[in-house]
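Undergrad: Below is the structure I would like to discuss, written out as structure tokens.
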Amino acid sequence: MVPIESRDMDLRRHLRESGIEPKLRGLICEIAEATKYVINAVRTGDLGMAGTSNLYGEEQLALDVLSDRIISDRLENSGLVINISSEEKDIIVNVDSDNNGLFSVAFDPLDGSSLVDVNLAVGSIFSIYKGENILQGGRKQAAALFVVYGPRTTLIYSAKKGVHEFALNHLGDFTLMREKIQMKDTGKIYSPGGLRSKYLPGHKKFIDFLEKRGSKLRYSGGLVPDINQILLKGEGIFMYPALQGAPHGKLRLLFELYPMAFIVEQAGGSASTGKTGILDVKIDNLDQRAPVYIGCKNDVEKVKDFLKE
Ligand code: AFP
């Protein structure tokens with residue numbers, strides 16, 4: 001990991017100096033702007049349920065619905081986007097009213113939203129594709145990013161030129177914290193999703209192996225902070241396996257796994273279903289799910305031996 005060189009380097013300048021094409025950097029900046037409104041909603045918004053009214057009889061929006069609306073509106077007005085698909089709506093929406101759009105965006109507006117009312121970290125996740133096809137597959141992503149709404153608001157992006165972290169400062173700018181984040185080949189953190197009583201035998205043996213090896217359990221229940229921890233510590237493996245009764249696990253390829261796999265691979269890590277690389281899994285519907293092992297590459301490789309048995 002390259003040490004912090006300049007705390008004044010903001011996201012826009014970093015994208016420009018990294019040689020990211022102008023329209024793509026424009027889109028990444030639009031997304032970053034939208035997330036500033038999401039963090040405001042998370043920090044200050046009512047924890048109301050969708051469809052209920054507040055004291056004044058106004059409709060209250062659940063935070064995930066509100067976050068979806070904030071991001072969708074911003075993308076729609078950017079003039080850069082053809083199609084969007086959000087985990088919240090589960091349809092593909094054409095937003096290219098003037099036919100100038102160049103990209104399509106899949107996003108999870110507020111992943112882990114059930115953690116907001118217990119004040120744990122949550123986040124937004126984005127995948128950017130060139131063209132109108134949102135189901136091109138993970139390898140075709142032009143860029144991916146996520147924003148963590150925790151004690152600090154941080155943004156991690158990759159546009160195939162490394163993985164970089166920015167933090168929102170008191171002036172409302174995302175400024176560079178860490179450049180060219182790199183993961184070790186093996187690590188001592190594990191984040192195990194899914195009920196232990198539903199584990200399949202190979203997965204259970206892998207968990208036993210990690211525990212005997214002295215790995216520390218770190219699981220918050222939020223994909224964004226859990227992956228963020230592994231990336232920034234530079235070590236560890238996050239898992240949401242195939243379970244009894246759920247052969248495809250829980251997490252969704254388009255909105256959660258493709259973007260996280262893209263970022264982790266760009267940082268020198270790896271992501272697999274236990275058999276196939278996540279980015280190589282073909283997608284044919286928005287709701288498609290897959291088991292996932294993501295993090296240090298030797299650990300992701302190792303699990304394959306256990307699952308084969
Ligand atoms: P919610 O958005 O329903 O809170 O789900 C969060 C999530 O999709 C992902 O962020 C977590 O990694 C995963 O589910 C946690 O699932 P478990 O609660 O089954 O551990």
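Undergrad: Conditions first: (1) away from the ligand (no atom under 16 Å from the Cβ); (2) part of a loop (DSSP other than H, G, I, E, B); (3) outside the structural domain of Glu87 (by TED's automatic domain parsing). Gly172 passes all but one, so which condition is the exception?
TA: In the conditions (1) away from the ligand (no atom under 16 Å from the Cβ); (2) part of a loop (DSSP other than H, G, I, E, B); (3) outside the structural domain of Glu87 (by TED's automatic domain parsing), Gly172 misses (3) alone.
Undergrad: Please go through the range 102-115 and pick out each residue that is in a loop (DSSP other than H, G, I, E, B) and in contact with a Gly (Cβ under 7 Å, 6 or more places away or on another chain).
TA: Gly112
Undergrad: Separate question: Take the residues in the range 264-279 that are in contact with a Phe, Trp or Tyr (Cβ under 8 Å, 6 or more places away or on another chain) and within 17 Å of Ile125 (Cα to Cα); name whichever of them is surrounded by the fewest Cβ atoms within 10 Å (Cβ to Cβ).
TA: Once the filter is applied, the top-ranked residue is Leu279.
Undergrad: Tell me, yes or no, whether the range 11-31 has at least one residue that is under 26 Å from Ser220 (Cα atoms) and modelled with pLDDT of 95 or more.
TA: Yes, the conditions are met somewhere in the range 11-31.
Undergrad: Residue check: is Gly48 at pLDDT 95 or above and assigned by TED's automatic domain parsing to the domain that holds Gly131? Lay out the reasoning, then the answer.
TA: Numbers: at pLDDT 95 or above: no; assigned by TED's automatic domain parsing to the domain that holds Gly131: yes.
It is false that Gly48 is at pLDDT 95 or above and assigned by TED's automatic domain parsing to the domain that holds Gly131.
Undergrad: From Ser124, Ser86, Ser97, grab the single residue that is polar (S, T, N, Q), touching a helix residue (DSSP H, G or I) at 6+ places or on another chain (Cβ under 9 Å) and either exposed (fewer than 14 other Cβ atoms within 10 Å of the Cβ) or not assigned by TED's automatic domain parsing to the domain that holds Gly138 (or both).
TA: Result: Ser97 is the single residue among Ser124, Ser86, Ser97 that is polar (S, T, N, Q), touching a helix residue (DSSP H, G or I) at 6+ places or on another chain (Cβ under 9 Å) and either exposed (fewer than 14 other Cβ atoms within 10 Å of the Cβ) or not assigned by TED's automatic domain parsing to the domain that holds Gly138 (or both).
Undergrad: Here is a follow-up. Can you name the condition, by its number, that Asp299 falls short on among (1) farther than 10 Å from Ile237 by Cβ; (2) touching a strand residue (DSSP E or B) at 6+ places or on another chain (Cβ under 7 Å); (3) acidic (Asp, Glu)?
TA: Of (1) farther than 10 Å from Ile237 by Cβ; (2) touching a strand residue (DSSP E or B) at 6+ places or on another chain (Cβ under 7 Å); (3) acidic (Asp, Glu), only one is false for Asp299: (1).
Undergrad: (1) surrounded by 18 or more Cβ atoms within 10 Å (Cβ to Cβ); (2) in contact with a helix residue (DSSP H, G or I) (Cβ under 8 Å, 6 or more places away or on another chain); (3) in a helix (DSSP H, G or I): which one isn't true of Tyr190, the others all being true?
TA: (3)
Undergrad: Scanning for something outside any strand (DSSP E or B), more than 16 Å from the ligand (Cβ to nearest atom), of a type in the set (A, V, I, L, M, F, W, C) and at negative phi, does the range 194-202 turn up at least one residue?
TA: Checked the range 194-202: no residue is outside any strand (DSSP E or B), more than 16 Å from the ligand (Cβ to nearest atom), of a type in the set (A, V, I, L, M, F, W, C) and at negative phi.
Undergrad: Criterion first (out of contact with any Phe, Trp or Tyr (no Cβ under 9 Å at 6 or more places or on another chain), within 16 Å of the ligand (Cβ to nearest atom) and farther than 19 Å from Tyr37 by Cα) does Asp90 satisfy it?
TA: Yes.
Residues are listed down the side, and each one gets a yes or a no for (1) within 14 Å of the ligand (Cβ to nearest atom); (2) assigned to a helix (DSSP H, G or I); (3) assigned by TED's automatic domain parsing to the domain that holds Val105:
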site	(1), (2), (3)
Phe209	no, yes, no
Val224	yes, yes, no
Gln229	yes, yes, no
Leu232	no, yes, no
Glu256	yes, yes, no
Met260	yes, yes, no
Ile263	no, yes, no
Gly274	no, no, no
Tyr293	yes, no, no
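The values are calculated or read from the model by the stated rules, or taken from the named source; none is laboratory data. Remember, it's a predicted structure, so these values are computed and weren't measured experimentally. Counting neighbours? That spans all protein chains shown, and the Cβs are built from the backbone with ideal geometry, glycine included.
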